Structures are given as structure tokens and as C-alpha cells.
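The values are calculated or read from the model by the stated rules, or taken from the named source; none is laboratory data. Only a predicted model underlies this, so the values are computations on that prediction, with no experimental measurement involved. Neighbour counts run over all protein chains shown; Cβ positions are idealised from the backbone, glycine included.
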Number of protein chains: 2
Amino acid sequence: MFNFDFYNPTKLMFGQGRIADIAGEIPPGAKVLITYGGGSIKSNGVYDQVMAALKGYELIEFSGIEPNPVYETLMQAVDLVKERGIDFLLAVGGGSVIDGTKFIAAAAVHPGDPWEIVLSRGTAARGALPLGAVLTLPATGSESNYRAVVTRQAMNAKISFYSDFFFPRFAVLDPVTTYSLPPVQISNGVVDAYMHVLEQYLTYPVNARVQERISEGLLLTLIEEGPRALADPTNYEVRSNIMLCATLALNGLISSGVPTDWSTHMVGHELTALYDIDHAATLAVLLPGMLQVTREEKRLRLLQYAHRIWGLTEGDEDERITAAIEKTREFFELMQMKTCLQDLGLTADNIPEIIASLESHDMVRLGENKNVTPEKVRQALELCL
Amino acid sequence: MFNFDFYNPTKLMFGQGRIADIAGEIPPGAKVLITYGGGSIKSNGVYDQVMAALKGYELIEFSGIEPNPVYETLMQAVDLVKERGIDFLLAVGGGSVIDGTKFIAAAAVHPGDPWEIVLSRGTAARGALPLGAVLTLPATGSESNYRAVVTRQAMNAKISFYSDFFFPRFAVLDPVTTYSLPPVQISNGVVDAYMHVLEQYLTYPVNARVQERISEGLLLTLIEEGPRALADPTNYEVRSNIMLCATLALNGLISSGVPTDWSTHMVGHELTALYDIDHAATLAVLLPGMLQVTREEKRLRLLQYAHRIWGLTEGDEDERITAAIEKTREFFELMQMKTCLQDLGLTADNIPEIIASLESHDMVRLGENKNVTPEKVRQALELCL
């Protein structure tokens, strides 16, 4: 296994009714900015629970953070933070709201142009206001990690960046808050979490047995519980398992000491930025093709995946690998995802602009071996049609 | 799954050569007390690496922290900390040194009688000096948790206590530092870690699938790598996997949201306090008997353990449970542990004083269902003869 640092100071507060406990985590007298997206938290009771929990604090609200949060919107919140002298940010929502709030927290104390924080992939961040999260959509893991993704429309750019300053102080994970999610968001969330695990697992072995087993445990749980989450939306245990999987899928643990890929995510970000396609939808479509063009270098791990996750023991190695990729596609379909580009309204004609966009963002050597070139991505996209 | 909080701010710094990086984690100008046990860190090069890394700091040393650290010894270090105005504690060693250093850190800033911290099981702690750890013996998980165990000889008491103040700021896990450990310490460490997992896993199911899978991953890894660690002491990958297992076995993750047992540990602490037997040696002897007297209430989880860990599918349920307990004993024997009380020099004549000691420490309702009474422990001890 490689040398690594693992550091994650976010306090997880898990379970039904835990929103009531957030006041104990925010300094008394703090002026709190509550950030959220659309109005769903008002109709599902989460907004009311937050308000009840924070009685006595001075509260200011900023709503309208969109899926794939947009720089221009977030900068309005930065102005509000400065104008009102906010001390603490509370993000209430899914990964987009939390990602956006991380940017707001860092931008509000940034001495220069805040876009530097994004462009530098986070290294330019000099600090951040403290933030907490009330998660309502299990998917990205942003509630307990140091990553964020922000989109700048004017540049057709969707960029990930990270900094230790971005860790939420706490994250409330109440599975009940997910009961009212539309099925498409559960599908997206489960597939996003699954893909986070795969991009940290389907690389090459470095004899990191614990990380491998934890990754496999997350994959198996998502396979078992994902379809149940769609079929039985108010099953507390199922939603609990999904929520915890999504958090652990990207809290830094399973990537510790192992190579990671992220090529499918990077290509997916281009599809979202160009065509406004849901993040997880891009991943479900891209993965099978991306695995086909990298299957030789991922051979050993794909065989382990075929065996431990899908129980495949019949056929020769190539047949088992092919079957594992096919099983993965079938799982995505069971989760009601589209699995080819045409179903998303894209054709071979779109491939050149996707490749051009990747190149313009300097995404030319992707994957754990840095050999997933634009040409390889083009081959993968053709297989995804 | 139950509601839970999970919080663990310790930064793990894993891998060969990482001791060199500790200076970056200790405030410049800090007056550092380096705590350690016997002289092994001087012969295996760890002491020299620490000294080289901390060039420029004012360093004071306190050696002689014994296995199962003793209150009376630790209080000498507390005096030294106060006398010299120490700002930071660096524990270099195994769980005993780190546990002892947690107590020193809390006692040094405690306004009243420091024994209150232990007696209150940690709730009386009002703060602690910052501490870091350089781990040289993978076993207890103390390097990244909030627990400590201290022995007070005058009272024949070995008591666990815990507080959020006790988390080390950082923990260096360099597998190379374990190469020179005597085999008995590797055996003890692997069995201790295995037992930590079992006491958080072998209870009753609450549909916490992720925690179960992570626990199973740790058990499987210890079973695979434990014997190799004895056979091939300088195998870096094997030692890496063991070291990470021991840390994750007791960092709070796998106990999140699930019932825990700890009865075997509590009885084991009495054996250590009364007869000065190694902690892990007590666990290896006690477990099979303790499982025999609790097998009905643990039935479902024992069946899962039999299947997922030992691959047992033949025979009826009772036969599979019996076989799983037997497989566990065989694993301990493969790890060169004794597995009956007589091999530790104890007989049926000792049972009454063990029970009396348990009762005197108010350990009368142990286990996940609080129904492991002294009478049940007596039955278990008879099975362990």
C-alpha cells in the first residue's frame, strides 16, 4: 500500500431526529447563514426542524443554489456573508448545496479574486468560515469531505477543488429526510456513491486488503439496498444503509493508500457542463465504455470485482470481466438509469466537442496510470453510444 | 441501526519514513515531553528517528511506562509536565504508552485529584494537553481513539475511561517500526485487534450492513495476514495491513450505530489485574467459553460469522456455530496463543476470586444485553479451564 495521510474531523450525527441537536455544535451567539436550494426543504419539514433547532440564533437565509452550483450564484451569497457579518454557514440539502457552501465559506475570507480558489484546485484557499451540513440527499459524500465542485457557466467549466478548510464541522444524516426525494434522485445518489467507490477500487492492486474489503462492503450494500430504496421509500433501515454508504464512499478512507482513477468522473463533468445532464446519469452511461478501453490495465482488479461483488466464477478471465461490466450496467438499469448516450439525446456528432472540452480543461492524461488520453476517451464514447 | 455520533479528528500518517514528518504537526517552539516504555525504541532506531525529526524543539523524556500502565508511574510524569511547563506530549510506543500519555495529558490540567478522571470513566476530564503518537505496536487502536486504560496496583484495578480530549492530534503508523517486535507481541496485537472487532460485531443484528461488512473485512484480513506476520516479520505489506486493521478495529467506526459487547474484555481486565497476564492472552482464553454461554442470544450473528468469515455451510445451525467458535480457537492457536486457563497457570480454584473482583468493580451486568452476570461468567470460566 502507498503512504498516505487520512484526516477527517467532521462529526457525523446520524439518525432520526438529529437535526434537533445542531444547536450544540454552533457557537452560541453566532450569526448563521442557512443555505439551500429550491423549496423542497420547506415542504418536507426539514426547514421547520432547522428553524426550531436554531431558535435564539440570528439567522439569515440564502436559497436558490442550483444542482451543479454556479459560481455566479454563489458569489451573491459571498456578498451577503460579507454584508451581514456572518460567522457560521449551515448548508441544508444535497451535495450541490454543500459544495456551494464550501466555496462561499472560503470565498468570503479570500483576499483576492475568489475564482483563484477554484482554478488552483483549492490550493489558493487561505481559510474558510466554519460550516455545518444537514444532508437531505445521500450521494456525493460532500457532507464529510474536503471536496467541492463548482460550475462557471460563462466558461462551460465544472471544476473540482479541495482543501482541509472545507471539512464541515458536523454533518447531520437523518435518513427520514430522504423519504420525500423523487425516485430519480435516489437513483442518482446510489449510482453516484457506487461510482465513487468504483473509481477508488477498480484500479490496480497494491495489497491494501482493508481498503479493498471496505470498498467491496460498500458496493455490496448499495447493490442490496439500492433497489429497495426505490421500491420502499420509507424503509428507515434501507435509507440508513444508503445514507451511510454514500458518506463513507467519499470521506477519504477507501482512497487511503491506493491508486484512484476518476477518469469517468472527469469525462462526466464535461457532459454535465456542456449538456446539463445529471452528474450520475453521465457516470452510468460512461462507465461501461470507459472500462472496456481500460480493461487490460484493470484486469486483476476487475477479476476480483467479478468474483467478490458479482459471484462470477464461470468462464475464462475475459468472459468474467465482460460479465462483470455487464452486471454493473444491469445494476444501473435496475436503478432506472439510462446506460447509453443516445438515451441522453447525444450522438456520435457530439463526441468531437466533448473531446475538445476535455482538452480545453487539460484533462488529457486521466486514470490511475495517467494514460487515458483524449483518444482513449473517444474510443470509450463510441462504445457508449 | 441505532442513532450515533462518529467523530475522530486524529490525523493518520501512514507509511515508511513518516516519523520524519511529525515536526509539521507540533506547534513551533513547543516544549515536548516524549513518553515511552522500555528501551526497545532505542535499539530499533525509532528513538533516533524521533530525535532527528524534532531537532530544534525543547525535548524532555519520560521513560518506563509499563505494559498496563500504572497510575503511580504516570503521576510521576504528571509532576514532570507541571514542573517543566510542557506544551505537547509525544507518545512513542504501543497502546500502553499511548493510554498512559492520554492520562498524563488530562491529569496535568486537572483541577482536582486526577484519579477522578479514571474513576468517572473520563467524564470528569476538563481538558488535556495536546498529544501525538508514534505507534510501534499495532494492537489497541489507542493511537486514533479517545479511550485509555490505566491500572492502579494498590486497588488491583484496571479501568477503561474515555473523553474527546484524549484523541491524539496525529498518529504515525510506520509498519517498519514493527519489524523488530518479538513474535509474542505480534500474536498479542493481532488477537487484540481481532477481539476488538468481535466485541463490536458478535452481538445482535440491527441491519447495519456497512458496519458489518467493514468488521468482516477486518476479521478476514487479520486471519489472512496474522500468521504471515509471524512467519515473515519484515514483509512490509503484511505489516501494513495488520497495522491498519488494528487502528480501524477501534477508532469508533465499526461500533457506530450497533450494539457492542465488551464482556470478554471486562473479564480479561480482571485476569490482568489479578495475575499480570498479557491482555490479549486473557482474551484468547476467555472468548470460546464466553461465546458458549451467550451463543443463544448471539445466534443470528454467530451464523453470519460462521458463513462469511469461516465459509461454514455444512451441518445444522448449532453445528455451524460450534464449528465457528472452534475455528476461532484454532486461529488463536495458529497465532501461538494459549487457549485455556490452565495453560496460563490458573485452575478452578481461581474462579471465585475472579468473580469477586468483577463484582467489586461493579461488572455485574455485562454484554450487549446487560445479562452477562457473575454467574454466567463463572460458567464461562469453567468452560475455559
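Mind listing just one residue for me: the one in region A:213-240 that is touching a residue at least 40 places away in the same chain (Cβ under 8 Å) and at the interface with another protein chain (Cβ under 8 Å from one of its Cβ atoms) and, of those, surrounded by the fewest Cβ atoms within 10 Å (Cβ to Cβ)?
Filtering first and then ranking leaves A:L220.
Tell me the residue from B:M290, B:M243 that is more than 14 Å from chain A (Cβ to nearest Cβ) and either over 21 Å from B:D343 (Cα atoms) or buried (at least 20 other Cβ atoms within 10 Å of the Cβ) (or both), please.
When all the criteria are applied, what remains is B:M290.
Scan region A:195-211 for residues that are surrounded by 23 or more Cβ atoms within 10 Å (Cβ to Cβ) and at the interface with chain B (Cβ under 10 Å from one of its Cβ atoms) and jot them down.
Residues satisfying the conditions are A:A208, A:R209, A:V210, A:Q211.
Name the helices (runs of 4 or more DSSP H) wholly inside region A:1-96 in which the number of residues that are out of contact with any helix residue (DSSP H, G or I) (no Cβ under 9 Å at 6 or more places or on another chain) and modelled with pLDDT under 95 is 1 or more.
In region A:1-96, A:40-43 are the helices (runs of 4 or more DSSP H) which contain 1 or more residues that are out of contact with any helix residue (DSSP H, G or I) (no Cβ under 9 Å at 6 or more places or on another chain) and modelled with pLDDT under 95.
I need the full set of residues from region A:168-194 which are aromatic (F, W, Y), within 14 Å of chain B (Cβ to nearest Cβ) and either surrounded by fewer than 24 Cβ atoms within 10 Å (Cβ to Cβ) or touching a strand residue (DSSP E or B) at 6+ places or on another chain (Cβ under 8 Å) (or both), in order please.
A:F170
One line per residue, one yes/no per condition, for (1) in the same structural domain as A:N156 (by TED's automatic domain parsing); (2) of a type in the set (G, A, S); (3) surrounded by 16 or more Cβ atoms within 10 Å (Cβ to Cβ); (4) without any contact (Cβ under 8 Å) to a residue 40 or more places away in the chain:
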position	(1), (2), (3), (4)
A:Q16	yes, no, no, no
A:G38	yes, yes, no, yes
A:I41	yes, no, yes, no
A:A53	yes, yes, yes, yes
A:G56	yes, yes, no, yes
A:P69	yes, no, yes, no
A:E72	yes, no, no, no
A:Q76	yes, no, no, yes
A:G95	yes, yes, yes, no
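Could you please let me know if B:T313 is without any contact (Cβ under 8 Å) to a residue 12 or more places away in the chain and either within 17 Å of B:T272 (Cα to Cα) or touching a Lys or Arg at 6+ places or on another chain (Cβ under 8 Å) (or both)?
Criteria met by B:T313.
Does A:G257 meet the test of being within 14 Å of chain B (Cβ to nearest Cβ) and more than 30 Å from A:I98 (Cα to Cα)?
no
Identify, please: which residue in region A:101-158 is in a loop (DSSP other than H, G, I, E, B) and of a type in the set (S, T, Y) and is, among those, nearest to A:D174 (Cα to Cα)?
Here the residue is A:T136.
Is it true that some residue in region A:155-166 is of a type in the set (V, I, T) and surrounded by fewer than 18 Cβ atoms within 10 Å (Cβ to Cβ)?
no
Any idea which of A:V149, A:V206, A:V210, A:V172 is in the same structural domain as A:A23 (by TED's automatic domain parsing) and more than 29 Å from A:I354 (Cβ to Cβ)?
Every option except A:V172 fails the conditions.
What do you reckon, is A:L248 within 14 Å of chain B (Cβ to nearest Cβ) and either without any contact (Cβ under 8 Å) to a residue 12 or more places away in the chain or among the aliphatic types (A, V, I, L, M) (or both)?
Judged against the criteria, A:L248 is a match.
Restricting to region B:1-33, and then to whatever is hydrophobic (A, V, I, L, M, F, W, C) and in contact with a Lys or Arg (Cβ under 9 Å, 6 or more places away or on another chain), can you tell me which residue is farthest from the other protein chains (Cβ to nearest Cβ)?
Selected residue: B:L33.
Checking the condition surrounded by fewer than 15 Cβ atoms within 10 Å (Cβ to Cβ) and either in a loop (DSSP other than H, G, I, E, B) or among the polar types (S, T, N, Q) (or both), which residue from A:Q304, A:Q342 passes?
Only one candidate passes the filter, namely A:Q342.
Being over 23 Å from B:D79 (Cβ atoms) and either surrounded by fewer than 24 Cβ atoms within 10 Å (Cβ to Cβ) or among the small types (G, A, S) (or both) is the filter here; which residues of region B:102-135 pass it?
Within region B:102-135, B:R121, B:T123 meet the criteria.
Under 8 Å between Cβ atoms, which residue pairs at least 6 apart in sequence (or on different chains) link something in region B:349-373 that is surrounded by fewer than 20 Cβ atoms within 10 Å (Cβ to Cβ) with a partner that is hydroxyl-bearing (S, T, Y)?
Listed by first residue and then by second, the contacts come to B:N350/B:Y275; B:V364/B:T373; B:R365/B:T373; B:N369/B:Y204.
Modelled with pLDDT of 95 or more, in the same structural domain as A:L358 (by TED's automatic domain parsing) and touching a helix residue (DSSP H, G or I) at 6+ places or on another chain (Cβ under 6 Å): does that describe A:A280?
When the stated conditions are applied, A:A280 passes them.
Given (1) out of contact with any Lys or Arg (no Cβ under 8 Å at 6 or more places or on another chain); (2) polar (S, T, N, Q); (3) within 14 Å of chain B (Cβ to nearest Cβ), where does A:S40 come up short, assuming only one miss?
(3) is the only condition that A:S40 fails.
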